[in-house]
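Rule-based calculations on the coordinates, nothing more; no lab input. Because the structure is a prediction, the values reported are computed rather than measured. Glycine gets a Cβ as well: all are built from the backbone with ideal geometry, and neighbour counts include every protein chain shown.
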Amino acid sequence: MVPSGITKVEKGTRQVSAEELLLFAAALNASPADFVDGADPDTAEPIIVAPNLPPEKPFVVRAWFAGEWPIPVSADMQEFRQAAPSWFRDKEEQQERTFRHPAMMSLSSLKSFLHTAVLGEDAGDPQALAKAIRQESDRLAAYASLLADETEQKATNGR
């Protein structure tokens, strides 16, 4: 692709083929899924996956790329869930249970704090950010220890 073509892609005036998406990802040592997320999920433009499907939010397309979520073919999510294969419904239920677990919520919070620190984003008071990282890290370590104990106990009980 010539430099002017790359500029057009960056400005959003030229579409990218699947092959080009894979080439960009390989050249930049990134996942193809990294290219579908907008900077701000609330303002990201919907993505047209196929002409006969409604545009999807970038986080849905990213999850689809990762094999975590099929592209909905129905606007009615209840209808979609009922039509989804059982493996998907089971996985969705597992994800819901996982995301609600305190250890996963703590991990998510810590990840957000670390993201802010690594990127050097302005998060207000640096001392408060450092304190939040330490507190969440301690909280996560405690949850991880409890889960390890629980896992050992299950192994001991033969479950």
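For the pair Leu53 and Leu147 in one chain, pulling the backbone fully straight at 0.36 nm per residue adds 29.7 nm over the alpha carbon distance. Could you give the length gained on full extension between Thr13 and Arg89, defined as 0.36 nm per residue of separation minus the Cα-Cα distance, in nm? Contour length minus Cα-Cα distance gives 23.6 nm. Distance between the pseudo-spin-label points of Ser109 and Ser31 (7 Å out from Cα toward the beta carbon): 2.4 nm. Annotation: amide H of Ile47 within the under-5 Å range of Glu56, Lys57, sequence separation 5 or more or interchain, hydrogens built in the peptide plane. A compact globular protein would have a Cα radius of gyration near 2.2 N^0.38 Å; the ratio found for the chain is 1.36. The GluC sites (Glu not before Pro) of segment 92-159 meeting both criteria, a DSSP state outside H, G, I, E and B (loop) and at most 13 other C-beta atoms within 10 angstrom of the site's C-beta, are Glu121. Using a cut-off of 27 Å between alpha-carbon atoms, which lysines can reach Lys57, once sequence neighbours fewer than 8 places away in the same chain are excluded? Cross-link targets: Lys8, Lys11, Lys91, Lys111. Only Lys, Arg, Asp and Glu carry charge here, each on its Cβ (+1 for the first two, -1 for the last two); on that basis segment 97-159 has a dipole of about 320 debye about its Cα centre.
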